[in-house]
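In what follows, a single structure is set out as structure tokens and then discussed.
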Amino acid sequence: MKDFSLQKGKKVYFASDNHLGAPTFKDSLPREKKFVAWLDSIKADAGAVFLMGDLFDFWFEYKTVVPKGFTRTLGKLAELTDAGIPITYFVGNHDLWMNGYFEEELNIPVHHRPQQYRINGKTFFIGHGDGLGPGDKGFKRMKKVFTNPFCQWLFRWLHPDLGVRLAQHLSINNKIISGDADAEFLGEDKEWLVQYCKRKLEQQHYDHFIFGHRHLPMEIDLNGKSTYTNLGDWISYFTYAVFDGEKLSLQKFQ
């Protein structure tokens, strides 16, 4: 478990599910500008930033090529890390093919699995949220294909123009991939990430569970001592979580 303390006046920020590039680069540009404005607004008091996946609607790193675009976002992230603000990235189901670019170019560590943190004495279990718990069965089957080294090797043989176009089409039109198949509140007893958190609490206590993926802002009490927070998205809600050293809250960027 990674352990760190915030300096006085500093906060930790969490955001997820921007899906930049969807449904088109042009259509997502206003959302990108709004996200960059948010990053700029938190620069003064950010002690750490956690980006919780699906920043892009599709991202695949060839050996010498990455998808073009997203200049404003990547530039702002570089500005924050250059200013000494630590940023951590968790891959989502749309951008799980990260393989060194963020680390080398932006000095942003990338995680492919949930991680545990202790911040100012509070314990956090955080990740994108895809493939966890008893549900998400369709994606779990697809993820086995997406993460298969041989399948990735085959995809790299496609010319990037063809590969990116194919992936963008599937990303938007396949509801298992896009996440639109169940983008509504299912009720506490049927929310599979809530069930996952409760099972984790049977093994170990955590003060906060934070995930993205569901595209729905949620704050759910688990047992009177632990909370589950879903970050929503930057498509419909423009929500994020902030930890001020004592309390975690879900907020909306206007």
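With +1 assigned to the C-beta of every Lys and Arg and -1 to the C-beta of every Asp and Glu, and no other charges, what is the dipole magnitude of segment 55-94 about the Cα centre in debye, to the nearest 20? Show your work: numbers first, answer last.
Numbers: 4 positive and 4 negative charges, 23 e Å.
About 100 debye.
Could you tell me what percent of the accessible area of segment 204-254 is made up of carbon and sulfur, with a 1.4 Å probe and every protein chain present? The partial results should precede the final answer.
Details: 970 of 2110 Å².
Its accessible area is 46 percent carbon and sulfur atoms.
Report the trypsin sites (Lys or Arg not before Pro) located in segment 21-82 that are in a DSSP loop and have at most 10 other Cβ atoms inside 10 Å of their Cβ, or state none.
Details: sites: 26, 31, 33, 34, 43, 63, 68, 72, 76; in loops: 43, 63, 68.
Of the trypsin sites (Lys or Arg not before Pro), the ones in loops of segment 21-82 whose Cβ has at most 10 other Cβ atoms within 10 Å are 63, 68.
Run down the aspartates and glutamates and flag those whose C-alpha is under 18 Å from the C-alpha of residue 247, throwing out any fewer than 8 positions away in its chain.
3, 45, 207, 219, 221
Leaving out ligands, DNA and RNA, and with a 1.4 Å probe, what % of the accessible surface on segment 59-133 is carbon or sulfur?
Details: 1420 of 3210 Å².
Summing carbon and sulfur atoms, their accessible area is 44 percent of the total for segment 59-133.
Using a Cα distance threshold of under 17 Å, what count of lysine pairs results for segment 1-89 when pairs must be 8 or more residues apart or interchain?
So the count of such lysine pairs works out to 13.
The values are calculated or read from the model by the stated rules, or taken from the named source; none is laboratory data. On a predicted model such as this, the values are computed, not experimentally measured, just so you know. Reconstructed Cβ throughout: ideal geometry from the backbone, glycine too, with neighbour counts over all protein chains shown. These accessible areas exclude ligands, DNA and RNA; they are computed on the full protein's heavy atoms, side chains included. Shrake-Rupley method; radii C 1.70, N 1.55, O 1.52, S 1.80 Å.
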